[in-house]
1. Consider the range 110-126. How many of its residues are among the small types (Gly, Ala, Ser) and closer than 9 Å to residue 79 by Cα?
2. Which residues, counting only those in the range 259-287, are touching a strand residue (DSSP E or B) at 6+ places or on another chain (Cβ under 7 Å), farther than 17 Å from residue 164 by Cα and touching a residue at least 40 places away in the same chain (Cβ under 8 Å)?
3. I need the full set of residues from the range 73-126 which are over 25 Å from residue 261 (Cβ atoms) and touching a Gly at 6+ places or on another chain (Cβ under 6 Å), in order please.
4. Report, ordered by the first and then the second residue, all pairs with beta carbons closer than 6 Å, sequence separation of six or more or different chains, a first member in the range 64-91 that is without any contact (Cβ under 8 Å) to a residue 60 or more places away in the chain, and a second member that is open to solvent by 70 Å² or more (accessible area, probe 1.4 Å).
5. Looking at residue 235, is it closer than 22 Å to residue 139 by Cα and open to solvent by less than 30 Å² (accessible area, probe 1.4 Å)?
6. Working only within the range 240-271, note down all residues that are surrounded by fewer than 20 Cβ atoms within 10 Å (Cβ to Cβ) and aliphatic (A, V, I, L, M).
7. Mind counting the residues in the range 221-250 that are farther than 18 Å from residue 192 by Cα and small (Gly, Ala, Ser)?
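The values are calculated or read from the model by the stated rules, or taken from the named source; none is laboratory data. From a predicted model like this one, the values you see are computed outputs, not experimental measurements. Reconstructed Cβ throughout: ideal geometry from the backbone, glycine too, with neighbour counts over all protein chains shown. The protein model used for the area step is the full one, side chains on, heavy atoms only, and it has no ligands, DNA or RNA in it. Shrake-Rupley method; radii C 1.70, N 1.55, O 1.52, S 1.80 Å.
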Amino acid sequence: KPWLLLLALLLFLADVIATLALSGLLVDELLARKLRPASVRGAPLGAAAVLILLVTPSDLTAQQSSIADRFALEASQATRLAYVITGAHDVDSVSRAGLTGLSNVLNQRTAVETGAPIGVNLDTDESAFFSLVYWPITADQRALPEETVGKLNRFMETGGTILIDTRDRNLSSGATSPLLQSLRRLTRGLNLPPIEPIPPTHVLTKAFYLMQAFPGRWTGGQVWVERGDSRTNDGVSRVITGGHDWAAAWAIDDAGRPMFPVVPGGERQREMAYRFGVNLVMYTLTGNYKSDQVHVPAILERLGQ
């Protein structure tokens, strides 16, 4: 785009010069310039340079705009699961493989049709295209800039859900694991709601499958959701957090085979991890429809009357 604008400007200048030459004004101007001081003779060239700088955007701005446009197009062409790019290649590759495996299960078992998962740079990418963002925590992730914190707060306030995974099974009160300390550092400044362990009657326990445990590669830890009396976005929790390393349980290789063992429950536990992922996606996409179903008999009775 910048080079095309520059070319258009040069063609315009060439047209002006040709017009002056054909009209004879260019010769008169050249003769007149010999009588002007040197500083005045350089003025048209300086003006042209200023005009070029004003008309032609910087390569950096154009490149940033192009990257943002490509990301927006890719993110909006299909329903996609998103994961936070941490900068740790091994963690990011597992996140992508995990969401790829979960996407395949969603496409096979539900009416949800998902595209390939996409990585999100919290600093530069727009998260509003997604209903759910998976955020694995690593010990060396840097603290979020103030602008990024503001973007994440807006994402949660406008209906987005963040699944925070410390990947270490340890999210109990008072725990001092390095990943939990990193979580506290990373979430400083975020408007996180009060949370509680997932209640037995929560929509996540029945959004698609009936379940009371939410394992990943690990199991036995607590999974937390926004407290019921503080939920606002159609009853959907703005944050869900735990340490079960869900992406590793969902992850598949290029041949569609599981990449990591799940312990201690083996393949049965992996199946339950997939079921939790399906429930999670259905929950974030459809809101509180499942909890509203308890009112259906009463509504039908009133309609009959």
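1. 2
2. 259, 287
3. Scanning the range 73-126 gives 78, 80, 85.
4. These pairs meet every condition: 75/129; 76/129.
5. Judged against the criteria, residue 235 is not a match.
6. 252, 255, 259, 263, listed by residue number.
7. The number of residues fulfilling the criteria is 4.
Condition check ((1) at pLDDT below 95; (2) closer than 18 Å to residue 182 by Cα; (3) in a helix (DSSP H, G or I); (4) among the small types (Gly, Ala, Ser)) across all residues:
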| residue | (1), (2), (3), (4) |
| --- | --- |
| 209 | no, no, no, no |
| 215 | no, no, no, no |
| 220 | yes, no, no, yes |
| 229 | yes, no, yes, no |
| 244 | no, yes, no, no |
| 248 | no, no, yes, yes |
